[in-house]
Structure formats: C-alpha cells, structure tokens
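The block underneath contains the structure these notes are about, expressed in structure tokens.
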Amino acid sequence: MSNAFRPLPAVLLMLCAGFSASALAHNPMCECKAIDAEQIQCTGGFSDGSGAPGVTLDVIGYDETILVPGKLGADSKLTFKKPNAEFYVLFDAGPGHVVEIDQADIQAP
Amino acid sequence: MSLFTAEKPGSRLSRFWHKWRFHINVLLLLVPLGFMPKYFADAALFRGDTGLGEREIGEVQVGPWSLRLAELRNEAPRLDGPAGYMKNFNAALCDSCREQVKATYLRIGKPRSLRAAGVIFFGTPYRMGAMLPIPEKTQADAELWITMEGWDGAMHQASIPLSQASPATLEWLNKQGGKP
C-alpha cells in the first residue's frame, strides 16, 4: 500500500464542504408555445423540477376579463385556442407565486 | 517474516513525509479558518446584525404605509436554474403598518392586477424577504413596483426606478447588451 499523500481527494473533500450551497427555493415557471396557428400549449412547473398538475392557468385579456379559465392537466400542460383579443397567460400557483406570459412572448410554431 | 522488518530507505521526500505526516495533518485544522470570515459575515447578514441587507435602498412610501427596502446582496442577479435570474430583496414594514398590511408584493413594471402583483414578501414584518425574477430583456429605465394589500382590502402601490433599487442589476443589464 502506498502511503503517499494524495492531494486530489483532499481538495475535492474541501470543495464539497465549502460549496454545499443551498438551492432550496422553488420558483414557479411557465412556458407557452403555439403548436399550430390556432392552438397554444402551456407547460407549468417549479424550478426544483416538480410539475404543476391541477394548478390554475388563466388566459386573461388586456382588459382583465378572463378569456379561458383553466387548470393544468396531469401532465402539467394545458392547450387552449388562441383568443382573438389581446391576451396574457397567468400561471397562478397562489398569491405571489405567479408567472405572466404576454402574447408577444409566445413563440410561433 | 517479522512484522518489524525495516522499511527500505526511500527518497528524501518519502522519509520526510513518513516522519512528519501526523504533525502536518494538524495543519488541516487550519483550513476552516480560511472560510470563517465569509461564514461569519453571512451569518450576521442573515441574522440581521448588519442591517436589512448589504445595501439599504431606503424608506419607500406606499400610500398611507411605508417600508424600508434593501438588497440582500449588492450584486448582479444570480441564475436560479431554469427559473432564470433572481434577485433577493428584503423589507421591513413601518411601525404603524405591521398590523394593517396583509401582503406586500414586488414586481418589475406596473402590475396588471392584484393577482399578478409579482412575488410576495414572506417572513416577519420586521424582516421580510422576496426573490424577484429579473427578465434578461428588462429595460434599463424599468421601475420596481411595490404593491401592498391591507387586511381591510385596501391596495396601495408605489414605484422606484430600478437604477435606484439596484445599481448592480442595472449594470448587469447594460452588460447584457439590451436583449430584445
């Protein structure tokens, strides 16, 4: 057996101890894309990797009328028909846990 | 074969190591000392001993109420995985409004509605925290909007320029080169 001092494991151990940073927060995330000319699909989730089945996702007009009241399905997705009026998508996981997506930020198919 | 066979004399380095290895290992105890200044600075910051945050923004009047706002870290937004860049703000409610304010929200740009008022401050009214997402395409002249909701249903809003709220964020945005 070699008794030589092996610096690599020691350095790795020190780095592990020093950089065990906390990433505990999970922020809401939502992504919408147009799947064809008529339909838009939104996917919700949280930054810790968990999905958001059953979370409210509303499509709201610029005049604050709710055009499509919806909830995400079991696959954390919701597909809806593109409204004629100007709109934004609100992923609402509770007060202060919302994501807004303006229609201008939705990618075309 | 005896257990006490003399080892072959190795190189000078090997002999030095075998003779002093246990003494040298004591030096490892000094390693944590290098991390201590940062550790104690962070502990004081999170406990509030060094104030509300690294950089105090000041008192912001929001309707009849007011709050003291601070950046937790005086630095550019940090990337929080797929959720994008985040910036931490701390706030303390004024003495008279602690009982009256139900919720405080923070958002870049004027909220469209109370439902979309932005991120919510959580924690005690003496020291609340919020993690604000900073979109990469934020304009340099953007404003930070504070929305406060009272237990009586009242809602009050105020805004301060982002340049005043977080010069480090503005510098970061300018360095990004104004994404479309």
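Quick note: the coordinates plus some simple rules give every number you see, no bench work behind them. No experiment lies behind these values; they were computed from the predicted model shown. Cβ: placed from backbone, ideal geometry, glycine included. Neighbour counts: every protein chain shown.
Work out the length of the dipole vector of the protein assembly as shown about its Cα centre, built from +1 on the beta-carbon of each Lys and Arg and -1 on the beta-carbon of each Asp and Glu, and round it to the nearest 20 debye.
Values: 28 positive and 30 negative charges, 370 e Å.
Taking the Cα centre of the protein assembly as shown as origin, the dipole is about 1780 debye.
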Task: Sequence of B:14, B:166 once ranked by neighbouring C-beta atoms within 10 Å, starting from the fewest - done: B:14, B:166
TODO: With springs only between Cα atoms under 10 Å apart, run a GNM on chain B and tell me which of B:88, B:25, B:74 wobbles the most.
DONE: B:25
- [ ] For the protein assembly as shown, divide the Cα radius of gyration by the Kirkwood radius and give the resulting Rg/Rh value with two decimals.
- [x] 1.17
Task: Bins of 10 Å, starting at 0 and running to the largest distance - Cα pair percent for chain B - done: 9, 29, 24, 12, 7, 7, 7, 4, 1, 0
TODO: Using every pair of alpha-carbon atoms in segment B:39-82, split the distances into 10 Å bins beginning at 0 and state the percent of pairs per bin, rounded to integers.
DONE: 25, 39, 29, 7
- [ ] Give, rounded to the nearest 20 debye, the magnitude of the charge dipole that segment B:10-49 has about its Cα centre when Lys and Arg contribute +1 at Cβ and Asp and Glu contribute -1 at Cβ.
- [x] 440
Task: Euclidean distance between Cα centres, segment A:35-50 to segment B:106-180, Å - done: 25
Task: Alpha carbon Rg of segment B:78-117, scaled by the compact-globule rule 2.2 N^0.38 Å - done: 1.52
TODO: Could you work out which residue, out of B:17, B:151, B:65, moves most in a Gaussian network model of chain B, that is, has the largest mean-square fluctuation with Cα springs under 10 Å?
DONE: B:17
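As a test of the formula, what do you get for the protein assembly as shown when each DSSP H run with n ≥ 4 contributes -39,500 (n - 2.57) and the sum is divided by the residue count, at 222 nm and rounded to the nearest 500 deg cm²/dmol?
Numbers: 5 runs with 58 residues, N = 289.
The helix-only estimate for the protein assembly as shown comes to -6000 deg cm²/dmol at 222 nm.
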Task: Separation of the residue B:114 and residue B:35 label points, Cα + 7 Å toward Cβ, nm - done: 4.6
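Taking square-rooted eigenvalues a ≥ b ≥ c of the alpha carbon gyration tensor, is segment B:10-49 rounded, prolate or oblate, where a/c under 1.5 means rounded and, failing that, a/b exceeding b/c means prolate?
Details: a/c = 9.29, a/b = 5.56, b/c = 1.67.
Prolate, since a/c reaches 1.5 and a/b exceeds b/c.
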- [ ] Report, in whole Å, the centroid distance computed from the Cα atoms of segment A:83-109 and segment B:4-70.
- [x] 44
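Determine the sum of side-chain charges near residue B:162: Lys and Arg each +1, Asp and Glu each -1, restricted to other residues whose C-beta is under 9 angstrom from that of residue B:162.
Here the count lands on -2.
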Open item on the list: Please compute the contact order of chain B in relative form: average sequence separation of alpha-carbon pairs under 8 Å and at least six residues apart, divided by the residue count, as a percent.
Closed with: 18
TODO: Would you list the P(r) distribution for segment A:22-109, with all Cα-Cα distances sorted into 10 Å bins from 0 and each bin expressed as a whole %?
DONE: 18, 53, 25, 4, 0
Open item on the list: For residue B:102, give me every one of the lysines with a C-alpha distance below 25 angstrom, ignoring sequence neighbours fewer than eight places off in its own chain.
Closed with: B:87, B:110
TODO: Return the single residue from B:73, B:15, B:55 with maximal mean-square fluctuation; model: Gaussian network over chain B, springs between Cα atoms under 10 Å.
DONE: B:15
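Most exposed first by the Cβ proxy, i.e. fewest other Cβ within 10 Å, how do B:87, A:81 rank? Numbers along the way, then the final one.
On the way: B:87 26, A:81 11.
So the residues, fewest neighbours to most, are A:81, B:87.
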TODO: Compare the Cα positions of A:39, B:11, B:148 along the charge dipole of the protein assembly as shown (+1 at Cβ of Lys, Arg; -1 at Cβ of Asp, Glu; about the Cα centre) and return the one farthest towards the positive end.
DONE: B:11
Task: Ascending count of other beta-carbon atoms within 10 Å, so fewest first, for B:115, B:127 - done: B:115, B:127
